[in-house]
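Here's the structure we're looking at; comments come further down.
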Protein chains: 2
Amino acid sequence: MAGHGGRGRSGGRPTLEEVAARAGVGRGTVSRVINGSPRVSDATRAAVEAAVAELGYVPNTAARALAANRTDAIALVVPESETRFFAEPYFSDMLRGVGAALSETEMQLLLIFAGSDRERRRLAQYLAAHRVDGVLLVSVHAHDPLPDLLGQLEIPAVISGPRSEHETLPSVDSDNYGGGRSAVEHLMARGRSTIATITGRLDVYGAQRRIEGYRDALLAAGREVDERLIVPGDFTEAGGRRAMTELLERCPHLDAVFAESDVMAAGARQVLREAGRRIPDDVALVGYDDSAIARHMDPPLTSVRQPIEEMGRAMLGLLLDEIADRRPAVSRGLERRQVVLPTELVARASS
Amino acid sequence: MAGHGGRGRSGGRPTLEEVAARAGVGRGTVSRVINGSPRVSDATRAAVEAAVAELGYVPNTAARALAANRTDAIALVVPESETRFFAEPYFSDMLRGVGAALSETEMQLLLIFAGSDRERRRLAQYLAAHRVDGVLLVSVHAHDPLPDLLGQLEIPAVISGPRSEHETLPSVDSDNYGGGRSAVEHLMARGRSTIATITGRLDVYGAQRRIEGYRDALLAAGREVDERLIVPGDFTEAGGRRAMTELLERCPHLDAVFAESDVMAAGARQVLREAGRRIPDDVALVGYDDSAIARHMDPPLTSVRQPIEEMGRAMLGLLLDEIADRRPAVSRGLERRQVVLPTELVARASS
DNA sequence: AGGTACCGTGGGAGCGCTCCCACAGGTGAT
DNA sequence: ATCACCTGTGGGAGCGCTCCCACGGTACCT
């Protein structure tokens, strides 16, 4: 098994040099063929490709990374614990979108969790070593230092939701404002009069935008905004339960709830059930994300769909642009670096 | 070396050579300090460490990988789609265990899905390029070619469940036989007479072992094994529903079901409910995995707990041993390369 | 005819590390 | 004194690639 019949060198994998010898060309030419350079004649290309196939040549990524100063890998950084990551369908959809888009390239995706301080330090070390060409940052909170760190290290990055309206990093987001607004408009159209909302974490810009949509929808309809009907949640099921309990105490007569995530809606539903409220007869419920939870809930949950997979694809697209543009140190304008994708209300039995 | 005009030393990251100059020592010495070699005097070590800190030196992984022929990365390969991965709590626990154990090392974890043929080909390419030092293989089916491929490429690997009793790869598994047996013993102790089982995929060795446990428990108690009470599932909720429907048709008088995964138990529960069977009054139900699903089910599900996180840790331990032992081409015995961890029955209201 | 473009091509010079050999200086036995 | 043998250290020789310059050849100008 070891001997490679005469000309076989030691057990190792074939190198560029060996492919070159086999094809009767120079090292540079093989490199050009491998990297798809157009400056190679068809005959030569064919010869090289044959040699590559015969030898089963696979480029050595370490050597390539060293010489070319790139890694052909990007990281999806999740500033959450594994547990949260798995509990939140958002992440899995995002990962699927990125994965699908990435499979059309030669790049490798790394999934990095940075929930704890310890993991954070590890990540910082990792980034300092420039082990990836770029970073996709999802679910970043307002005062997270990560984006700045990436800036200092000059690592291309794309963020999933802007941290504020002044975001400087390229970003992809869904229309949180419009989504929030459409949820409330839907509930009003259904004849609901007292519409509460369970918000996401307030340090997430997108959550803020949903609340603004909620407010504006009410105001635009000539209604007043009752601040007691706005209760902060934290995107978890437990948080949804807590907020719903609070709401029932504050306003026992409410007849609609807009939960700014499906997971929180699930929590709210439990509390409503226990309190003897029927959905949607007594209280209409609308969620956000249109995840699997929404479809499987009893009754099925009306929810605002965000095209998460598409967002993942879009993020990757932006990142690859960033990376490509950084190579020859070109700097273009900011056009198309802030992508906003539309949301869509999916009406089901809960409202 | 300085005089190659134009080559901007300024912008780049510091190199070993620069640290050496700064500390007034040779390159080799810095390398020794960085890699924790004991053959360095304390004074020299201190000087080097100071220089490293001052310059903010971070080793270049690509260069290291090229020179040392290792990558300091391992892959967790999941031969499933992302969707299945997220649906199955088993994987997330496993990932958590591996991640926790890995954070004590300098190694990097890569998560690779290989559900589709396309992803498979990509993985093969990836492995051929030796971009990882080792592979953790979870949930491998009987005739999967992956283990053989790894063998050919001489990449250290550890498998989560043996493919058969003749498994040659190092593996970590829970005591599936004992777990299956204890579930049935528990049901018998509860006075159940007609105990059915919904099995896992038959091409998974662990699932086979659970069935053997089921059989032997019955036989040991002097009962007969009724083959009609053994229905194959596939570890999914839909499969659980299907199997349960089948069981109710075949044996309407059954009074206990052992589902060989919690997810399938959840499916079975739905069917039982719809058929008007009360749990546990009419039919006792036992699951396997003791995942979050079991705790949250209504009624809470009795389940066989496997220490999945520990299994993840153990797998990583074995893999690191494999990698270390391969370096100086030593080959030891096979002791301790097949780890089996105990299971534990967690009794709840469903039985 | 010479000049000026370009091709396509070969191969030198690194990229930043690790590995390993050589060697200085110290120690203890003879 | 000689020898052997440590320990700590410096630096050469790669690892396998990409980048880029130089070169011979063809084509199309003057």
Express as a percent, rounded to the nearest 5, the fraction of DSSP beta bridges in the protein assembly as shown (both residues included) that run antiparallel. 10 percent
Solvent-accessible area buried by B and A, counting both chains, probe 1.4 angstrom, square angstrom: 3000 Å²
Averaged across A:124-137, how many Cβ atoms of other chains sit within 10 Å of each residue's Cβ atom? 2
What helix-only [θ] at 222 nm does chain A give? Using -39500 (n - 2.57) per DSSP H run of at least 4, over all residues, to the nearest 500, the answer is -13500 deg cm²/dmol
Whole number in Å², please: accessible area per residue of the range A:16-55, 1.4 Å probe, ligands, DNA and RNA not counted. 58 Å²
So how do A:242-250, A:165-173 stack up, highest first, on mean other-Cβ count within 10 Å? A:242-250, A:165-173
Antiparallel versus total DSSP beta bridges in the range A:176-305: what percent is that, nearest 5? 0 percent
In peptide A:58-68, how many Cβ atoms from other protein chains are near each Cβ within 10 Å, on average? 6
Counting only protein heavy atoms and a 1.4 Å probe, tell me what percentage of the range A:79-174's accessible area is made up of carbon and sulfur. 49 percent
If you take every residue apart from A:R27 with its C-beta less than 11 Å away from the C-beta of A:R27, what net charge results, scoring Lys and Arg +1 and Asp and Glu -1? -1
Along Cα→Cβ, 7 Å out, is where each label goes; now give me the distance between the ones at B:D298 and B:I34 in nm to one decimal. 6.0 nm
Kirkwood Rh (inverse of mean 1/r, distinct Cα pairs), the range B:141-203, angstrom: 14.3 Å
5 Å is the cut-off here: which amide hydrogens, built 1.01 Å from N in the peptide plane, fall below it relative to A:L76, excluding neighbours closer than 5 in sequence? A:L110, A:L111, A:I112, A:L136
If N is the number of residues in the protein assembly as shown, what value comes out of its Cα radius of gyration divided by 2.2 N^0.38 Å? 1.09
Under a Cβ-only charge scheme (Lys and Arg +1, Asp and Glu -1), can you give me the dipole magnitude of the protein assembly as shown about the Cα centre, in debye to the nearest 20? 1680 debye
When chain B is treated as a Gaussian network with springs between alpha carbons less than 10 Å apart, the largest mean-square fluctuation among B:E227, B:E237, B:E80 is found at B:E227
Taking all pairs of different Cα atoms in chain B, averaging 1/r and flipping that mean, what Kirkwood radius in angstroms comes out? 23.1 Å
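The values are calculated or read from the model by the stated rules, or taken from the named source; none is laboratory data. In this text, all values refer to a predicted model and were calculated from it rather than measured experimentally. When we count neighbours, we look across all protein chains shown, and the Cβ atoms used for this are built from the backbone with ideal geometry, even at glycine. Surface accessibility is based on the protein's heavy atoms, side chains included, excluding ligands, DNA and RNA. Shrake-Rupley method; radii C 1.70, N 1.55, O 1.52, S 1.80 Å.
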